[in-house]
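Student: Sharing a structure with you now.
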Amino acid sequence: MKIKPILAALSMAALLGCESIPDDQRSAIDDRLIGAWTGEYIEEDGATKSWTQKRKADGTYLIEFKFMELDGTINRFTEAGKWWVKDGLFHEIAPAWMKNSDSYQYQFKDDRCIEFLLVDSHESIDEIGQYRFVECLSDEVPLAFQAQCNLSRLQNEEASVCLLKVSNKKSIGCCSRA
């Protein structure tokens, strides 16, 4: 079996994704994007792509994808990478396999949902301006949020961060400094 080489390759890919964020990206984190977000997209052939993306305050992310084909076949995929905001655009890159980032216009539809539109891609120019999706806050409270609150309190920074529970819009966690 070729399991060991596959595991070695996956481990290397994961380690490559742990590089630090360059200075020009680090300063451009939109705190409103931090947390666990879910989304879904219906492909042209009718297949469904759904995901949960966890964006951390350090500019890293982890996405768990689920692809459901028309015949019911389900494939899962996990991607790790970096994210940042520059010139009003959201950028993300998975360094293990992407040389250039994907760039999106983004707009908050309300306190818990964001609409994204692909404007530049590492892959196909055909999707630009056509790949549009919405992500909404997930019900779970990400550990990154808890760590961010604790760090803000320790550093005595001015901070106001809240996550809303999607099902009933009640606050499930806030940290703030008056």
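Student: If Lys and Arg each add +1 and Asp and Glu each add -1, what is the summed charge of the other residues whose beta carbon sits under 10 Å from the beta carbon of E69?
Tutor: Its environment carries a net charge of -3.
Student: Measure off 7 Å from each Cα along the Cα-to-Cβ vector at E43 and F133, then give the distance between these two points in nanometres to one decimal.
Tutor: 1.2
Student: Further question: Give the long-range amide H neighbours of I29: residues separated by 5 or more places, or on another chain, with amide H under 5 Å away, using H modelled in the peptide plane at 1.01 Å from N.
Tutor: V85
Student: Another one. Report the calculated FRET efficiency for Q107 and T78 (r = Cβ-Cβ distance, R0 = 25 Å), to the nearest 0.05.
Tutor: About 0.35, to the nearest 0.05.
Student: Which loop trypsin sites (Lys or Arg not before Pro) in the range 28-127, with loop taken from DSSP, have no more than 14 other Cβ atoms within 10 angstrom of their Cβ?
Tutor: When the trypsin sites (Lys or Arg not before Pro) of the range 28-127 are filtered for loop state and at most 14 Cβ neighbours within 10 Å, K99, K109 remain.
Student: Count charges around M98 for me, please; just the other residues with Cβ under 11 Å from its Cβ, Lys/Arg as +1, Asp/Glu as -1.
Tutor: -2
Student: Continuing with the same structure: How much net charge surrounds K109 when only the other residues with a Cβ under 11 Å from the Cβ of K109 are counted, with Lys and Arg +1 and Asp and Glu -1?
Tutor: -3
Student: How about the range 46-127: which GluC sites (Glu not before Pro) there are in a DSSP loop, with at most 11 other Cβ atoms within 10 Å of their Cβ?
Tutor: Filter output for the range 46-127: E123.
Values in this text are rule-based calculations from the coordinates and carry no lab data. All of these numbers come straight from a predicted model, not from anything done at the bench. With ideal geometry, Cβ positions are generated from the backbone for all residues, glycine too; neighbour counts draw on all protein chains shown.
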